[in-house]
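Report on the following structure.
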Amino acid sequence: MDTTAPGTVEPRRSARERLLDAADELFYYGGVQTVGIDRIIEHAGVAKASLYNAFRSKEELVRAYLDARHERTTARLTAAVELHTDPVARLFAIFDAQAEMLAQPNFRGCAFISASAEAPSGGLVEHAADSYRTDIRGLFTRLAEEAGAPDPAMLGRQLHLIYDGALISARMDRDPSIAVCARAAVAALLDAALPSHDTR
């Protein structure tokens, strides 16, 4: 239902917001190196000066694009986890949320893997990818600890490996059903790591 009052005009999005929207679409589908600044500017419908006023450089725009993806992805995963109280169910919830992402028709793989593969070492893009991966691994480790894992850091890393593998396989094989295999691998891992819990 549209709750906008008659005659109300929605505020025009800022140049920064339009640039980020354009970057999110074009970088994700085309690659951060392949897509040039001029294409971003044209797609956003802003002047070139607006880009440099907002981001100073293309690298800063890429960093902002990745930061926005970071925020959306971790929010989606956290929301899925918070639907459950059982500690094992909370771990599985991450992979259930991932399965939904893999099944989306616009899925083109992990934005962080793609961007970091093209970026120079030590730059803003690498830092953005590192920050994202630290948060994802931290989420797995925290949930593993809540589930009573004897070595939550190790279990967190193992779960992160499965998570990464599902992303890469779904993209490279163009097969979102890999999520079923990933979930089975998680179940086997948790059976071994958490023998006191029923993970079925």
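Does at least one position in region 135-145 carry a residue that is surrounded by fewer than 21 Cβ atoms within 10 Å (Cβ to Cβ), closer than 23 Å to Ala188 by Cα and of a type in the set (S, T, N, Q)? Within region 135-145, one or more residues are surrounded by fewer than 21 Cβ atoms within 10 Å (Cβ to Cβ), closer than 23 Å to Ala188 by Cα and of a type in the set (S, T, N, Q). If only residues of region 26-56 that are over 23 Å from the mean Cα position of the chain (by Cα) and assigned to a loop (DSSP other than H, G, I, E, B) are counted, the one that is farthest from Arg13 (Cα to Cα) is Arg56. Within region 171-188, the residues that satisfy the criterion of being farther than 12 Å from Phe95 by Cβ and surrounded by 14 or more Cβ atoms within 10 Å (Cβ to Cβ) are Arg171, Pro176.
Among the residues of region 85-93, are any touching a residue at least 60 places away in the same chain (Cβ under 8 Å) and surrounded by fewer than 16 Cβ atoms within 10 Å (Cβ to Cβ)? No, region 85-93 contains no residue that is touching a residue at least 60 places away in the same chain (Cβ under 8 Å) and surrounded by fewer than 16 Cβ atoms within 10 Å (Cβ to Cβ). Residue count for region 94-116 satisfying the condition of being assigned to a helix (DSSP H, G or I) and over 13 Å from the mean Cα position of the chain (by Cα): 2. Look through Leu91, Leu83 and report the one residue that is modelled with pLDDT of 95 or more and in a helix (DSSP H, G or I). One residue alone meets the criteria, Leu91.
The values are calculated or read from the model by the stated rules, or taken from the named source; none is laboratory data. Just so it is clear, the structure is predicted and the values come from calculations on it, not from any experiment. Note that we place each Cβ from the backbone using ideal geometry, even for glycine, and neighbour counts take in every protein chain shown.
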